[in-house]
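The values are calculated or read from the model by the stated rules, or taken from the named source; none is laboratory data. Because the structure is a prediction, the values reported are computed rather than measured. Positions of Cβ are generated from backbone atoms using ideal geometry, with glycine treated the same way; all protein chains shown enter the neighbour counts. Heavy atoms of the whole protein, side chains included, go into the accessibility calculation; ligands, DNA and RNA do not. Shrake-Rupley method; radii C 1.70, N 1.55, O 1.52, S 1.80 Å.
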Amino acid sequence: MELIKLYAIEKTYRMGDFFVPVLKGINLTINQGELIALTGSSGSGKSTLMNILGCLDRPSAGEYWLDGEAISRCSANQRATLRNRKLGFVFQSFNLLARTSALDNVAMPLAYSAEYLSDKETRDRAAEMLGRVGLADRLHHHPSQLSGGQQQRVAIARALINRPPVLFADEPTGNLDSHTSQEVLEMFEQLNHEDGITIIMVTHDPKVALHTRRIIEINDGMIINDSTNMRSNRNDDMTSRHNDQIDTIKTLSFNTAAP
Amino acid sequence: MKIAASLRTAITALKALRRNPMRAMLTTLGIVIGVAAVIAMMEIGAGSESALQKTIASMGANVLLIRPGTASSGGVSFGAGTTTTLTPEDSQALLRECPSIANATPMVRARAQVVYGNRNWVPNAIYGTTPNYLSIQNLEILTEGEPFNQRDVLNGNRVCLLGPTLARELFEEVSPVGKEIRIKNIAFRVIGVLAPKGANMMGFDQDDVILAPWTTIKYRVSGTSLTTTNQSSNSTTDSVNTLSNLYPSSQASLYPKKSSVQQADNPMPVRFANIDQIMAVASNASEITTAIKQATSVLRERHRLRIDEPDDFNIRDMAELTSTLSTTTRLMTNLLLAVAMISLLVGGVGIMNIMLVSVTERTREIGLRMAVGAKGQDILHQFLVEAVVLCLVGGAIGIVLGHGGGLLVRFFLQWPVKTSPSAITAAVLVSAGVGIIFGFYPAWKASRLDPIEALRYE
Ligand SMILES: Nc1ncnc2c1ncn2[C@@H]1O[C@H](COP(=O)(O)OP(=O)(O)O)[C@@H](O)[C@H]1O
Ligand SMILES: [Mg+2]
C-alpha cells in the first residue's frame, strides 16, 4: 500500500541573488511497512528531502502525497497536525529538553494532540513507551543523567508516543558509538518488524544502511540508486516470516522507483 | 477541557521557570516591587481615609454650625460672630420648622479660670448649652453622674459636667461628682463627667471642656455677649460674687432703652438673649444641603431680612471639610499609585527583555515542539502563559510583601492601615495584564520561527 508518493520534487534555496537548487526532481514511492535508508555524501540534499517528507518544509515545486493527502497544498497548521498524528522524528542530536525528566520528555508531544488525556493517563502512556525502549527504570532521569544511547532511546519513545505510522530519523546514530548504534538500529528493525512502522532513516554510513532492506542513494539532489538490500541482516528470516506477517505488513514490495 | 489544557500549560510554564529559579526571580523583581508598592500604598491610603471618616463621624458629619454674621461699620468688618442676632428661640424654631434638621441646640461660649480647692485650670472651652448638645455630640452616656436637664436650663441652675481632662486636672483620682468648683467665683456643682472623646481633627482636646446650662453661663459667667470672649483677662466687673445677679448690668447696655413711642411702633418683643452659635444636626448626611436651605429661609424670616439684604448669620457644615480632607488624601494616594504604576511598567520591560532572551535560548526547543506538532498558536500560548505566570508569581510575592509592609507601618508607626481587597484584585489583574502586554511580542516572535531553522539553531 502506497504511503508516500513524491512526484518531481524540487527545492531551491535563495541566497541573496543566487538560487541554490538542492533537490532537482525527486520521484519516489514508499509503501507502508518499509525500512529505508537514505544515503549519499554530505551536502547531497538528504536532510532537505527528509524535511520535505517530514512535512517540516515545503518543496519549491512538485507534488507530495502522504497517505493520500496532497501535502504541497496544506497550510502550516495542517502540516503541524499531520506531524503530530502521523509522523515521528528522531534527530542526530537527540533534542531532548534539558533538566526535564525522561517521562516529561516523552509525554511532551501529547500536549499538542491528546489534551483529553488526564495527567495520569499521559504519564502511563509515556512510561509504557519508555518501557518499550527498555528504559522502564529511568523514568525520572534527566537527559544529563543518561548515556547517549539511552538519550536516543528516550527520543525514539517520544517519536512513537502518538503511535505514528511513519518514523523519520536523520542520522540517528551520528552521535553514538558503534555499540549503541547497533542497539538503536536493532530497535528500528524491531519496530519495523513487529509494529509495521514505516521507517525512513538518513545516514551517510554504508554500514548503517546495511541494516535496512531498501537503500536510496542521493547525489547532488537526484536519486542515483534505489536498490533492495539483499544482505540485510534480517533479510533471510524476514522473507521467511513475511508470509506469516502478511496481514500486519501488507505489502513489502521492493519496487524500484525510476531515478 | 479548555481549562484543564490551560492549567496544564500553566504547569508546564511553571516547570520551565523552575529550571532557572534565580533568573525568574530577578526578572520578576520589578513586578514584585511595583505590586508591593501598590498594595502598601492602597492599604495605607485606605487606612487613613477610613480613619478620617471615623474622626468625621465622631465629630458628627451631619452637624451644622450657625453663627451670627459679621458686623461692619463704614466698611470696617469686625469679623465673624460680631453681630448678635441669634437667639435660643431661633434654635427652637429651626428644630420645629425644618424637617431636615433632626436636632438643634443653642450654645454660648466662655473662657475662664476654673478653681477647685487649691487647684485651678483654664479649660479649652466652657460651653453653655442644652441637653440636646449631648445627643448631638453622642455624649449621652456619661462616665459617671447624671446630665443636666431642661429644667436646669430654664432655672439657670449652677450645675455642670466636666470633660475627663478637666476632671483629672482638678480632681486627679477623686470622683468630682457632687463637688463644687468655681468658675469666675461662681460656684457650680459637678453633676457628671463626660465620656472621653479625644482630640478632634484640629488637635483641639474635646475632653478639656465644661458643659453647663446655657442660661447659667450666659447670665452668671459671661455676663455679656460673646464680643468679649476671653473673660479671664477682663473680669473686673464680674469679680464680685453675684450669686443672685440674674441680669447683670452690662447686659442692659446692649439694648438701648426704647421710648414708649418706639415700643408702640415696634411690636416685636425685645429679644430675650442672644447666643454665640446654634449647633444643628441634619437628619442624615445627604440632607445637609436641604437642611442648610431650610435653616436659611427660616432664619431670614425670623430676622425679618428683606430680599436684598444679606444674611446676618452664616451656616457652616463639616461636609465641606470632610470632602476637602478626603480629596487631599485620595490625591496623595493616587500620586503614589502613579509612581507604583511606573515601577510596574519598568517591571514589564524587564519581563519582555528576559522573555526575548528565553525565546532565543530555547530556539531548538521551539523547533522540536513544532516538529512534534505544536502549531504557531501553541507556541504563542506557551510563552504568553509563561510571561503571565512569571508576572503572577511576582504579583503574589508583591502582594505578600506589600501587605507585610502595611502591617509593619501599622505596627511601628501606628498608622491606620486597612486591607484592601480591591487593591489585591487590581494587583492580580495588573500583573497578569503586564504579562500579556509585555510577553506578547516575544511569544509572537517565537511562534513565527521556522521549525527547520529553529532545529538547526546552535
Ligand atoms: N536553509 C538553507 N539555505 C541555503 N542553503 C541550504 C539551506 N539548507 C541546506 N542548504 C544547502 O543544501 C544542501 C543540502 O543540504 P542538506 O540537505 O542538509 O545535506 P545533507 O545531505 O548533508 O543532509 C547543502 O549544500 C546546503 O548548503
Ligand atoms: Mg544532513
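What to note about this one:
- Each chain gives up part of its surface: B and A jointly bury about 2200 Å² of accessible area, both sides summed, for a 1.4 Å probe.
- Accessible surface, 1.4 Å probe, highest first, among residues B:W214, B:W444: B:W444, B:W214
- Modelled label positions at B:V357 and B:K293, each set 7 Å beyond Cα in the direction of Cβ, lie 6.6 nm from each other.
- Cross-link partners of B:K218 among aspartates and glutamates (Cα-Cα below 12 Å; sequence separation of 8 or more within a chain): B:D276
- Derived scalar couplings ³J(HN,Hα) [the stretch B:301-313; Karplus, 6.51 cos²θ - 1.76 cosθ + 1.60; whole Hz; x for Gly, Pro]: 5, 5, 8, 6, 8, 6, 4, 7, 7, x, 4, 9, 8
- The stretch A:132-160 and the stretch B:107-137 have their alpha-carbon centroids 91 Å apart.
- Given charges at Cβ of Lys, Arg, Asp, Glu: the stretch A:2-257 dipole, positive-most of A:F19, A:Y7, A:L35: A:F19
- Ranking B:V177, B:V400 by solvent-accessible area of protein heavy atoms (1.4 Å probe, all protein chains present), from largest to smallest, gives B:V400, B:V177.
- When the C-alpha to C-alpha distance is required to be over 27 Å, the pairs from A:K46/A:K86; A:K46/B:K445; A:K46/A:K207; B:K15/B:K418; A:K5/A:K86 that qualify are A:K46/B:K445; B:K15/B:K418.
- The stretch A:192-206-the stretch B:284-312 distance, computed between alpha-carbon centres (Å): 101
- Once the Cα-Cα distance is subtracted from the 0.36 nm per residue extended length, the B:E173 to B:L7 segment shows a gain of 53.0 nm.
- Charge sum, other residues only, whose C-beta stays under 9 Å from B:A125's C-beta, Lys/Arg counted +1 and Asp/Glu -1: +1
- Distance (nanometres) between label positions extended 7 Å along Cα→Cβ at A:D119 and B:N124: 6.2
- Rh by Kirkwood over Cα pairs, then Stokes-Einstein D for the stretch A:2-257 at 1.002 mPa s and 20 °C, µm²/s: 114
- For the stretch A:2-257, the share of accessible area belonging to carbon and sulfur comes to 49 percent (1.4 Å probe, ligands and nucleic acids excluded).
- Exposure rank, largest accessible area first [B:K293, A:K11, B:K15; 1.4 Å]: B:K293, B:K15, A:K11
- Shielded by partner chains, the stretch B:335-377 residues - at least 10 Å² of accessible area, 1.4 Å probe, vs chain alone: B:R364, B:E365, B:L368, B:R369, B:M370, B:A371, B:V372, B:G373, B:A374, B:K375, B:Q377
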